[in-house]
Every structure is written in C-alpha cells, then in structure tokens.
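**Student:** My questions will all concern the structure given below.
The values are calculated or read from the model by the stated rules, or taken from the named source; none is laboratory data. Note that the structure is predicted; figures quoted are calculated from it, not measured. Cβ placement follows ideal geometry from the backbone for every residue including glycine, while neighbour counts extend to all protein chains displayed. Side chains are part of the model used for accessible areas, which takes the heavy atoms of the whole protein and leaves out ligands, DNA and RNA. Shrake-Rupley method; radii C 1.70, N 1.55, O 1.52, S 1.80 Å.
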Amino acid sequence: MTTSIKATALEPDPSFDARVSGLIGRIGRQAPVYGLPVLTLGLIVLFSILLPQSFPTLFNLRSILSDKSVIALLALAATIPMMTGKIDLTVGYGIVLWHILAISLQTQFGLPWPAAVAVVLLCGALFGVLNGLLVEQAQIDSFIATLGTGTVLYAVALWHSGGRQVIGSLPDGFLNISGAELFGLPVTAFYVLALAVVLWLVSEHTPIGRALYVIGSNPKAAVLNGIPLQKCVMGAFVASGTLSAFAGVVLASRLQIGQAGVGLEFLLPALVGAFLGSTTIRPGRVNVWGTLVGVAILAVGISGIQQFGGAFFVEPLFNGVTLLVSIGIAGYAQRKRGQSIKRRIAEQQIASHPASAPTLPLKT
C-alpha cells in the first residue's frame, strides 16, 4: 500500500500554451491557476452583500485572522514534507503536546517563557528527526509512520496532563506572542505572512526547494542527479516539526491553558489547506501561496456560513466536502492537461519526422 503524495505537476510550456487561442481557451488555461483565488474573492463579495452588518467589518477580519492563524501555520508545516511526496500527520497530533508543554514548563517547572519556547521548538525539531529516520531509514510509509508517532505524542500529552487542564499564571511576554497587535491586526497574521515569504523564497528560488520538488516528483531521478534524498526528506520533516511546535506555542499563548482535548481539530483543516494549495497557483503540486489561499477559502466560507446560523457540525462537513471536491477536480484537470501535452508532443514528432516518428495514441 502506498499513501505518499505525488508531485505530478507538469511545468507550463509556453510553446504549448501559446497555441491556445480564443477567450474560452485562455480562460480555461488560467482557471486552474487562479480559479480558487477568484472563488475566494467571490465568496467575500457574496457574504458582504448578504451580511452587510457583520461580514465586511474590521472585527470579522480580526476574528478570522486570529482564529485561523494556527491552522495556517500547521498547513504551511504540512506543505513542506508534501513537497517531497511525504505526508506528516503529526502536525495535528503534535500541537496537542506542544501547547501543553509550553504552559507546563512555565507553570510547573518554573522556566522563563523564552526558555520554555526554545525547549518546545527543540522538541519539535527532534521529533521531526525521528519522523525522518522512520520514513527514510526504516522505510516506513510516511502516512503510517507519522500516524504512529503522532498517536504516541497524543498519549504523552494525556499522560503528562493527566487528562486535566494545565493552568497557571503566565507572563505578559508569553501572552503577547498571540495577543499583540500590529497595524491594528493580530500579530499572528504577520507570523504567517513572514513564514510564507521565507518558505516561498526557499521553495521556489533556491536549489534546496527545487531538490524537494524533484524528490517529490521522481525520487529515482533525484538520486541519479546527485540530490541527497535522505538529507532533504529529513530536513523537510525537521522544518515541519519545528513549525508545528511554533504553532503549539502560539496556541498556548492564545488559550492560556493546556488541554489534551484541544488541537486534534486542527489536523483536518490544515491538511485540507495544504491539499487545496496543490490545486491553485501551481496546479498539480503543493505550493506556499496556494496553501494560504486554501486556508483563506475555508476561513471565509466557514465564517460566512456560521454568521448565517450554521449548526455546529457545519465546519467539519465543509472541510471534508471541500477536500474531496477540490482533489477530484484537480486530479481530473491534471489528467486532461497531461493527455493534451502528450498529444501535442506526438503531433510535433510526427510533423518533424513523419517516417521515423512512433505511432502514439492521440486520445484526449
């Protein structure tokens, strides 16, 4: 059984895209790239018209940014291993332990808040190393490996907290990690923006990022080209673990209590955001800005539905349906684009060398 994510994106070829003519053809070519951002803007306009007193307000914007920042951080964390074709389920399980640990280190062990944050981040990085070893050295499928280690983390959180809330007096410096504001907006939104810019620069404009995508697309080709596959995959898990731990710190600062029952509900939205990200901006492969667009459309959709008086089960229902629909549409669009490009390559070969060109099926 294989459950790994395949980065099967076909890079845009201007020579092929230039042959697409007509308004409908150009719209169809750009729809997979910008469809989701346009849909997000459409939902914002729709809810602003239907809910003029509550939706298009600064209060609602601040609420969305504050509530969804942790999900956005976890979605970015999940995006990194996905670039290499792996999945990291501990982004959801780990945050349960990390936010409890961030509080208990201060309230029960007396550590200053900077030291407590450093310890949590270090633990997240070390757990990323463990996940990397299990996936690359023990050759355990990433879905199974991270499901197992994540469950262990959750068990440790239950054991450490005794199933009870971890409470105590927390310093203002720690509370300001999520409580501070910048330009009138929650500072957590700027954490997400800064990390997204860094990840975008690394993934799209450095050899390391290119290597991650090559590994995700074709691991054997990556090895033949001298890319250190194991080091790159382990580095991706370490980055994911560290970012998940940071999300746990932000959650602890916001909630001001540690509770084992809090955290797992972030797993599905984070994965949905990352998967949705693979359907837009760079359709066919996970990407940083696509992930943020995926989180944004979930946040806008759920906020609007809740303001219409949606029931308590609407949010998980919306997340699940959105994931299934988006992945289905992306897969169909990817297959159609791949078939179209293969057909055009065959046509070019036949036109250039009609005698020697192989006979290829021209099905669409």
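**Student:** So, in the range 72-89, exactly how many residues are under 23 Å from ALA189 (Cα atoms) and open to solvent by 10 Å² or more (accessible area, probe 1.4 Å)?
**Tutor:** Result for the range 72-89: 1.
**Student:** Now for a different question. When you scan the range 63-70, do you find a residue that is open to solvent by 40 Å² or more (accessible area, probe 1.4 Å) and not in a helix (DSSP H, G or I), even just one?
**Tutor:** No.
**Student:** For the range 252-266, give me each residue that is open to solvent by less than 30 Å² (accessible area, probe 1.4 Å), under 17 Å from the mean Cα position of the chain (by Cα) and not aromatic (Phe, Trp, Tyr).
**Tutor:** Within the range 252-266, GLY263 is the sole residue that qualifies.
**Student:** Mind listing just one residue for me: the one in the range 205-225 that is open to solvent by less than 60 Å² (accessible area, probe 1.4 Å) and without any contact (Cβ under 8 Å) to a residue 12 or more places away in the chain and, of those, farthest from ASN176 (Cα to Cα)? Steps first, please.
**Tutor:** Filtering the range 205-225 down to residues open to solvent by less than 60 Å² (accessible area, probe 1.4 Å) leaves 206, 209, 211-216, 219, 221-222.
If we keep only those that are without any contact (Cβ under 8 Å) to a residue 12 or more places away in the chain too, we end up with 206, 221-222.
Details: THR206: 33, ALA221: 47, ALA222: 44 Å.
Across the range 205-225, the extreme among qualifying residues is ALA221.
**Student:** Further question on the same structure: Would you check if VAL156 is open to solvent by 20 Å² or more (accessible area, probe 1.4 Å) and in a helix (DSSP H, G or I)?
**Tutor:** On the way: open to solvent by 20 Å² or more (accessible area, probe 1.4 Å): yes; in a helix (DSSP H, G or I): yes.
So VAL156 fits the description; yes.
**Student:** State whether one or more residues within the range 231-240 are open to solvent by 10 Å² or more (accessible area, probe 1.4 Å), modelled with pLDDT of 90 or more, touching a helix residue (DSSP H, G or I) at 6+ places or on another chain (Cβ under 8 Å) and closer than 19 Å to ALA189 by Cα. Show your work before the answer.
**Tutor:** Of the range 231-240, the ones open to solvent by 10 Å² or more (accessible area, probe 1.4 Å) are 231-232, 234-235, 238-239.
Filter again for modelled with pLDDT of 90 or more, leaving 231-232, 234-235, 238-239.
Next cut, touching a helix residue (DSSP H, G or I) at 6+ places or on another chain (Cβ under 8 Å) only: 232, 234-235, 238-239.
Imposing the further condition that a residue be closer than 19 Å to ALA189 by Cα reduces the set to none.
Among the residues of the range 231-240, not one is open to solvent by 10 Å² or more (accessible area, probe 1.4 Å), modelled with pLDDT of 90 or more, touching a helix residue (DSSP H, G or I) at 6+ places or on another chain (Cβ under 8 Å) and closer than 19 Å to ALA189 by Cα, which makes the answer no.
**Student:** Moving on to the next point. Restricting attention to the range 137-151, report how many residues are among the polar types (S, T, N, Q), open to solvent by 40 Å² or more (accessible area, probe 1.4 Å) and at negative phi. Walk me through how you get there before you give the answer.
**Tutor:** If we filter the range 137-151 for residues that are among the polar types (S, T, N, Q), which is where we start, we get 137, 139, 142, 146, 149, 151.
Filter once more, keeping what is open to solvent by 40 Å² or more (accessible area, probe 1.4 Å): 137, 139, 151.
Remaining after also requiring at negative phi: 137, 151.
Number of matching residues: 2.
**Student:** Now for a separate question. Looking at the range 40-56, which of its residues are modelled with pLDDT under 90 and polar (S, T, N, Q)?
**Tutor:** Passing the criteria: THR40, GLN53, SER54.
**Student:** Something else about it: Could you check how many residues of the range 282-324 are within 17 Å of LEU193 (Cβ to Cβ) and either touching a strand residue (DSSP E or B) at 6+ places or on another chain (Cβ under 9 Å) or open to solvent by 50 Å² or more (accessible area, probe 1.4 Å) (or both)?
**Tutor:** Selection size over the range 282-324: 1.
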